[in-house]
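Below: the structure, in structure tokens.
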Amino acid sequence: GESVGLHLPTLSVQEGDNSIINCAYSNSASDYFIWYKQESGKGPQFIIDIRSNMDKRQGQRVTVLLNKTVKHLSLQIAATQPGDSAVYFCAEKDSSYKLIFGSGTRLLVRP
Amino acid sequence: NAGVTQTPKFRILKIGQSMTLQCTQDMNHNYMYWYRQDPGMGLKLIYYSVGAGITDKGEVPNGYNVSRSTTEDFPLRLELAAPSQTSVYFCASRATANTEAFFGQGTRLTVV
């Protein structure tokens, strides 16, 4: 069957290294952003979120950075593990309450 | 607490047939969404709802209809199925506009 992320850009990292996944969003009026992880055959799972009045938020092993000037979002994963291999999507909420997803990045972790 | 439940998990339709994809959530969430994910691609918003009785179009609404008669249920209707509607369909819900969305496990639809 098809794999999630087959046609998406791929980031390959060594196990134990840090990963940085980037996302450009489109709407300057968007005020809430979410990062999701999707494994093959499953629905997206929440990782971390950030509101537009913040520029950084940290979770367990993950950090999200928001640069509203250039409409850019990044997800940093510390000490990347094999279980982090998946497709990662950013999503933005605009003023009409739509939740729009970006195109996604496939993360491959090399042992 | 079941979260977001989608039925069926798999379905094969013939061109021109119609069907309803079911989505129900037991978290009393106001906001509900339908997405489609084509093979190897990202998620595209079909329709969404901010509460019972209110629905609105997303990015790719053509060929679909929705209704939201209760807070719990948000069915997606396909009329006159076409091969271009072959996809995996995900339903999601969230409590408020600034909280994360919870996703169902998806419905894999093939139109032949």
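The values are calculated or read from the model by the stated rules, or taken from the named source; none is laboratory data. From a predicted model like this one, the values you see are computed outputs, not experimental measurements. Every residue, glycine as well, gets a Cβ built from its backbone with ideal geometry; the counts of neighbours run over all protein chains shown. The accessibility values were calculated without ligands, DNA or RNA, using every heavy atom of the protein model including side chains. Shrake-Rupley method; radii C 1.70, N 1.55, O 1.52, S 1.80 Å.
Limited to segment B:66-96, what total is found for residues that are of a type in the set (S, T, N, Q), assigned to a strand (DSSP E or B) and closer than 22 Å to B:Asp26 by Cα?
Applying the first criterion (of a type in the set (S, T, N, Q)) to segment B:66-96 yields B:67, B:69-71, B:84-87, B:93, B:96.
Imposing the further condition that a residue be assigned to a strand (DSSP E or B) reduces the set to B:87, B:93.
Pick out the ones that are also closer than 22 Å to B:Asp26 by Cα and you get B:93.
Number of matching residues: 1.
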**Message:** Quick check on segment B:42-58. Is at least one of its residues free of Cβ contacts under 8 Å to residues at least 12 places away in the same chain and surrounded by 15 or more Cβ atoms within 10 Å (Cβ to Cβ)?
**Reply:** yes
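Residue check: is A:Phe46 touching an Asp or Glu at 6+ places or on another chain (Cβ under 8 Å), without any contact (Cβ under 8 Å) to a residue 40 or more places away in the chain, closer than 19 Å to B:Leu45 by Cα and not in a loop (DSSP other than H, G, I, E, B)?
Here the answer is yes, as A:Phe46 does meet what is asked.
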Those residues of segment A:34-51 which are at the interface with another protein chain (Cβ under 10 Å from one of its Cβ atoms) and not aliphatic (A, V, I, L, M) amount to A:Trp35, A:Tyr36, A:Gln38, A:Gly41, A:Lys42, A:Gly43, A:Pro44, A:Gln45, A:Phe46, A:Asp49, A:Arg51
Return yes when A:Tyr25 is of a type outside the set (S, T, N, Q), modelled with pLDDT under 95, in contact with a Cys (Cβ under 9 Å, 6 or more places away or on another chain) and open to solvent by less than 50 Å² (accessible area, probe 1.4 Å) and no when it is not. yes
A:Leu73 vs (1) more than 12 Å from chain B (Cβ to nearest Cβ); (2) open to solvent by 20 Å² or more (accessible area, probe 1.4 Å); (3) in contact (Cβ under 8 Å) with a residue 24 or more places away in the chain; (4) not polar (S, T, N, Q): all pass except (2)
